[in-house]
1. Scan region 63-76 for residues that are out of contact with any Cys (no Cβ under 9 Å at 6 or more places or on another chain) and not in a loop (DSSP other than H, G, I, E, B) and jot them down.
2. Pairs needed: first member in region 69-84, in contact (Cβ under 8 Å) with a residue 12 or more places away in the chain and under 9 Å from Gly33 (Cβ atoms); second member anywhere, outside any loop (DSSP other than H, G, I, E, B) and open to solvent by 50 Å² or more (accessible area, probe 1.4 Å); C-beta distance under 7 Å; at least 6 residues apart or different chains.
3. How many residues does region 48-62 hold that are assigned to a loop (DSSP other than H, G, I, E, B) and surrounded by 17 or more Cβ atoms within 10 Å (Cβ to Cβ)?
4. Answer yes or no as to whether Val92 is touching a residue at least 60 places away in the same chain (Cβ under 8 Å) and outside any loop (DSSP other than H, G, I, E, B).
5. Among the residues that make up region 100-109, is at least one of them open to solvent by 40 Å² or more (accessible area, probe 1.4 Å) and part of a strand (DSSP E or B)?
6. Please count how many residues of region 34-65 are more than 12 Å from the chain's Cα centre (by Cα) and at positive phi.
7. For Ala74, are the conditions met, namely being at pLDDT below 95 and open to solvent by 50 Å² or more (accessible area, probe 1.4 Å)?
8. Filter region 1-47 for residues that are surrounded by fewer than 10 Cβ atoms within 10 Å (Cβ to Cβ), at pLDDT 85 or above and assigned to a loop (DSSP other than H, G, I, E, B) and give the result.
Amino acid sequence: MAVTTYTRRWTLDDRAESVWHSLPVDVPPGCAGLSVTLTVPPVEGAVIDLGCEGANGWRGWSGGARTAFAITPAAATPGYLAGELEPGTWWVVIGLHRVPVAGSYGPCTR
């Protein structure tokens with residue numbers, strides 16, 4: 001299993017540029033599943049949303065309600081679509097709903 005970690009400090013400038021940001025995930029042929037965990041340190045006022053777009057389209061959204069999701073051919077976290085993981089570039093979608101003046105760090109592991 002491959003693990004990739006992105007670490008990013010989201011700022012008000014990032015939110016002004018766009019509320020939506022995406023992190024690429026390369027899904028190889030035959031991939032058995034995708035698991036993503038968003039870790040946001042407890043910064044008062046920070047609300048970071050989480051979603052996923054597959055190589056062939058939208059696969060789910062949990063907004064700020066969850067900090068993790070999983071997608072497999074047979075099952076998925078509520079709010080996400082189970083099904084075969086089509087090979088190609090997938091996108092972990094980050095929504096900067098509320099970013100405090102000091103910014104918010106958001107490591108994301110997949």
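1. Residues satisfying the conditions are Gly63, Ala68, Ala70, Ala76.
2. Ala70/Ser35
3. 0
4. In short, yes.
5. yes
6. 2
7. no
8. Result: Pro28, Pro29, Gly30, Ala32.
The values are calculated or read from the model by the stated rules, or taken from the named source; none is laboratory data. Source: prediction; values computed, not measured. All Cβ positions, glycine included, derive from the backbone under ideal geometry; neighbour counts span all protein chains shown. To get the accessible areas, we keep the full protein, side chains included, count just its heavy atoms, and leave off ligands, DNA and RNA. Shrake-Rupley method; radii C 1.70, N 1.55, O 1.52, S 1.80 Å.
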